[in-house]
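Peer 1: Have a look at this one.
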Amino acid sequence: MSVFSAPAFDQHELVTFGADKGTGLRAIIAVHDTTLGPAVGGCRMFPYASEEEALHDVLRLSRGMTYKSALAGLPLGGGKSVIIGDSRRDKTPALMRAMGEFIHSQGGRYVAAEDSGTAVADIRLMAERTPHVSGMNDNEFGGDPSPSTAYGVFLGIRTAVRHRLGADSCAGLRVAIQGLGHVGYYLARHLRNDGATVYGADLNEANLRRAVDELGVMPVAAGEILTLEVDILSPCAMGAVLDGRSIAALRAGIVAGAANNQLATADDSARLQDHGILYCPDFLINAGGIIDVHHQRIGSADEVKRSHVERIEQTLAEVLLRADSTQRPTHEIAEDLARECLRPASGLNVAALRVAG
Ligand code: NAD
């Protein structure tokens with residue numbers, strides 16, 4: 001397996017592989033960029049079909065974290081880790097402690113938080129072996145950053161609705177959510193409270209049932225959710241759901257979700273634009289979680305955290321305006337903006353850009 005010539009390798013500062021015989025741990029940590037600070041990012045556990053697939057995922061995800069934190073105005077770099085394994089079958093306390101030791105061996109360059117397949121309880125186990133973890137404060141949600149992610153995505157949807165439909169709320173609109181897990185559930189709640197009709201699909205029957213019973217979400221088969229005729233599609237499950245084939249079949253005018261790396265390839269942002277679909281860049285609107293983790297680390301008050309998450313609205317509005325005036329895809333505009341924030345000498349920040357308009 002090659003790392004430097006892997007398709008998703010993007011001058012990552014560090015890619016390191018860890019294994020532990022006793023617990024069966026096999027994991028990869030990728031640090032993409034630490035220009036703005038230590039690389040903070042989730043630790044994902046997933047039954048990857050191959051090591052190449054795990055490497056591809058961790059390289060893409062860590063790069064996305066660099067852009068996400070930069071655009072959110074956080075003093076953090078981009079990193080991510082993956083554990084190869086099925087979280088429902090292979091996860092043990094000893095394995096999580098071994099992951100903690102692996103993280104510790106990186107000396108603080110990478111700081112882990114929860115992600116798909118891991119939970120706050122796992123981060124607590126890692127914390128027995130390393131201080132380089134985050135996202136386990138005893139707040140209302142027990143340290144879970146997902147409610148903040150959902151809030152940011154909801155604000156992103158509202159911003160897109162205002163921009164595209166000229167409406168001030170989601171009242172009367174139809175939204176399809178793919179994945180009703182940690183983020184999808186809280187997102188559905190925001191949307192229902194805002195007057196939307198919410199359709200949802202989940203491969204996990206219990207998660208689907210919870211959203212149907214508690215929130216009045218309308219259940220849809222997993223194979224049909226992407227092509228439902230709705231105003232907004234919100235991918236909140238796994239990445240790479242938007243490719244040439246799925247984009248051609250979409251019947252939503254706006255795509256705005258929490259899943260990382262929704263675009264299968266770089267060309268898909270232009271493809272969405274060509275189909276007249278307003279795409280809200282994932283790494284911009286799903287930054288609520290990393291903003292939450294950051295404020296947990298520095299001990300901010302809830303109001304400070306909340307108003308930071310709310311800046312997502314203005315940043316997205318800026319990206320949508322620039323996309324309109326340049327006729328370029330939203331994803332490219334957002335990436336450009338993030339790269340500008342990464343230039344250390346530029347002193348540029350997103351708030352200043354907005355004022356300059
Ligand atoms: P989760 O694992 O809690 O929920 C994902 C849900 O999607 C699960 O219920 C799963 O059964 C379902 N699912 C998987 N494949 C599906 C499919 N093909 N069709 C329908 N349902 C499917 O994860 P989460 O924490 O809610 O995160 C959701 C996405 O958002 C992930 O891509 C994650 O990386 C991203 N994200 C999460 C956060 C966060 O704060 N949790 C922050 C940023 C990005």
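Peer 1: Please pull out the direction-averaged projected area of the chain, using the convex hull of its alpha-carbon atoms, in nm² to one decimal place.
Peer 2: Values: hull surface 68.1 nm².
Result: a mean projected hull area of 17.0 nm².
Peer 1: Here's something else I'd like to know. Please identify, among Gly200, Gly85, Gly135, the residue showing maximal mean-square fluctuation in a Gaussian network model of the chain using a 10 angstrom Cα cutoff.
Peer 2: Largest GNM mean-square fluctuation: Gly85.
Peer 1: Oh, and also: How large is ³J(HN,Hα) for each residue in segment 180-194, as worked out from phi by the Karplus curve 6.51 cos²θ - 1.76 cosθ + 1.60 (θ = phi - 60°), to whole Hz, x for Gly and Pro?
Peer 2: Taking θ as phi minus 60°, the curve returns 10, x, 3, 7, x, 5, 5, 5, 4, 5, 4, 5, 5, 5, 8 Hz for segment 180-194.
Peer 1: Taking a ≥ b ≥ c as the square roots of the Cα gyration tensor eigenvalues, with a/c under 1.5 meaning rounded and otherwise prolate when a/b beats b/c, else oblate, which class fits segment 11-164? Please report the intermediate quantities before stating the final value.
Peer 2: Values: a/c = 1.63, a/b = 1.43, b/c = 1.13.
Prolate, since a/c reaches 1.5 and a/b exceeds b/c.
Peer 1: Which order do the peptides 12-22, 305-315 come out in when sorted by mean C-beta neighbours inside 10 angstrom, highest first?
Peer 2: On the way: 12-22: 14.7, 305-315: 18.7.
The packing order, highest mean first, is 305-315, 12-22.
Peer 1: Go ahead and estimate [θ] at 222 nm for the chain from helices alone: -39,500 (n - 2.57) per DSSP H run with n ≥ 4, summed, over the residue count, rounded to 500. Don't skip to the end; give the middle numbers.
Peer 2: Details: 13 runs with 156 residues, N = 357.
Taken over the chain, the calculation gives -13500 deg cm²/dmol.
Peer 1: By a straight-distance test (C-alpha under 15 Å), which aspartates and glutamates pair with Lys21 as possible cross-link partners, with residues fewer than eight away in the same chain excluded?
Peer 2: Cross-link targets: Asp90, Glu101.
Peer 1: A further question follows. Which of the three applies to segment 103-172, rounded, prolate or oblate, going by the alpha-carbon gyration tensor with a ≥ b ≥ c and a/c under 1.5 meaning rounded?
Peer 2: Working: a/c = 4.34, a/b = 2.71, b/c = 1.60.
Here segment 103-172 falls in the prolate category.
Peer 1: Next question. Tally the DSSP beta bridges in the chain and give the antiparallel ones as a percent, rounded to 5. Show your work: numbers first, answer last.
Peer 2: Numbers: 13 of 41 bridges.
Antiparallel: roughly 30 percent of the beta bridges in the chain.
Peer 1: OK, next. Each label point is 7 Å from the Cα along the Cα-to-Cβ direction; what then is the distance between the points at Arg162 and Arg209, in nm?
Peer 2: 4.0 nm
Peer 1: Still on this structure: Pairs of alpha-carbon atoms within less than 8 angstrom and 6+ residues apart define the contacts here; what relative contact order does the chain have, in percent? Intermediate values should be presented prior to the final figure.
Peer 2: Working: 766 pairs, mean separation 54.7, N = 357.
Averaging sequence separation for qualifying contacts and normalising by length gives 15 percent for the chain.
Peer 1: Here is a follow-up. Distance between Cα centroids, segment 102-169 to segment 220-269: provide it in whole Å.
Peer 2: 22 Å
Peer 1: When only C-alpha pairs under 8 Å and at least 6 residues apart count, what is the relative contact order of segment 1-128, in percent? Working shown, then result.
Peer 2: On the way: 274 pairs, mean separation 37.9, N = 128.
After rounding, I find 30 percent.
Peer 1: Can you list residues from other chains, or at least 5 along the same chain, whose modelled amide H is less than 5 Å from the amide H of Leu14?
Peer 2: Val31
Peer 1: Counting pairs of alpha carbon atoms under 8 Å apart in space and at least six apart in sequence, what relative contact order in percent does segment 75-131 give? Walk me through the intermediate numbers first.
Peer 2: Numbers: 44 pairs, mean separation 24.6, N = 57.
Reported as a whole number, the value is 43 percent.
Peer 1: Across segment 34-41, in residue order, what do the Karplus-derived ³J(HN,Hα) couplings come to in whole Hz, using 6.51 cos²θ - 1.76 cosθ + 1.60 with θ = phi - 60° and x for Gly and Pro?
Peer 2: 10, 4, 9, x, x, 7, 10, x
Peer 1: For Lys68, give me every one of the lysines with a C-alpha distance below 27 angstrom, ignoring sequence neighbours fewer than eight places off in its own chain.
Peer 2: Hits, sequence-local ones excluded: Lys80, Lys305.
Peer 1: Could you give me the ³J(HN,Hα) list for segment 307-316, computed from phi with Karplus coefficients 6.51, -1.76, 1.60 and θ = phi - 60°, whole Hz, x at Gly and Pro?
Peer 2: 6, 5, 4, 5, 5, 4, 4, 5, 5, 5
Peer 1: Let me ask another. Please list, in chain and number order, the residues 5+ apart from Leu25 or on another chain whose amide H is under 5 Å from its amide H, with Hs placed from the backbone.
Peer 2: Here the answer is Asp20, since their amide H atoms fall under 5 Å of that of Leu25.
Peer 1: While we're on this one: Name the long-range amide H neighbours of Ile177: under 5 Å, sequence gap of 5 or more, or other chain; modelled H, no Pro or chain starts.
Peer 2: Amide H neighbours of Ile177: Tyr199, Gly200, Ala201, Ser234.
Peer 1: Could you sort 59-68, 258-267 so that the peptide with the highest average Cβ count within 10 Å comes first and the rest follow in order? Provide the component values of the computation, followed by the final result.
Peer 2: On the way: 59-68: 25.5, 258-267: 20.1.
Descending mean neighbour count gives 59-68, 258-267.
Peer 1: Then there's this: If we count every other residue with Cβ under 13 angstrom of Gly166's Cβ, Lys/Arg +1 and Asp/Glu -1, where does the sum land? Mind showing how you got there, number by number?
Peer 2: Numbers: positive: Arg158, Arg162, Arg164; negative: Asp168, Asp231.
Charge balance near Gly166 sits at +1.
Peer 1: Determine the distance separating the Cα centre of segment 179-213 from the Cα centre of segment 6-42; give it in Å without decimals.
Peer 2: 32 Å
Peer 1: Lys and Arg at +1, Asp and Glu at -1: add these up for the other residues within a Cβ distance under 13 Å of Leu226 and post the number. Show your work: numbers first, answer last.
Peer 2: Details: positive: Arg245, Arg251; negative: Glu224, Glu229, Asp243.
Result for the local shell: -1.
Peer 1: Please label the shape of segment 189-228 as rounded, prolate or oblate, based on the square roots a ≥ b ≥ c of the eigenvalues of the alpha-carbon gyration tensor (a/c under 1.5 means rounded; beyond that, a/b larger than b/c means prolate, else oblate). Walk me through the numbers on the way to the answer.
Peer 2: Values: a/c = 2.80, a/b = 1.28, b/c = 2.19.
Oblate is the answer for segment 189-228, as a/c is 1.5 or above yet b/c matches or exceeds a/b.
Peer 1: Still on this model: To the nearest 20 debye, what charge dipole does the chain have about its Cα centre, counting +1 at the Cβ of each Lys and Arg and -1 at the Cβ of each Asp and Glu? Write out the running numbers ahead of the final one.
Peer 2: Details: 34 positive and 43 negative charges, 54 e Å.
It works out to roughly 260 debye.
Peer 1: While we're looking at this one, here's another question. Any idea which of Ser300, Val111, Gly289 is furthest toward the positive side of the dipole for the chain, if Lys and Arg beta-carbons carry +1 and Asp and Glu beta-carbons -1?
Peer 2: Ser300
Peer 1: Now for a different question. Within a Cβ distance under 12 Å of Phe102, other residues only, what is the Lys/Arg minus Asp/Glu net charge? Mind showing how you got there, number by number?
Peer 2: Working: positive: Arg26, Arg97, Arg129; negative: Asp20, Glu101.
Charge balance in the 12 Å sphere: +1.
Computed from the coordinates by the stated procedures, all read-outs in this text should not be read as laboratory data. Everything numeric in this text was worked out from a predicted model, so none of it was measured. Here Cβ is always computed from backbone atoms with ideal geometry, including for glycine, and neighbour counts include all displayed protein chains.
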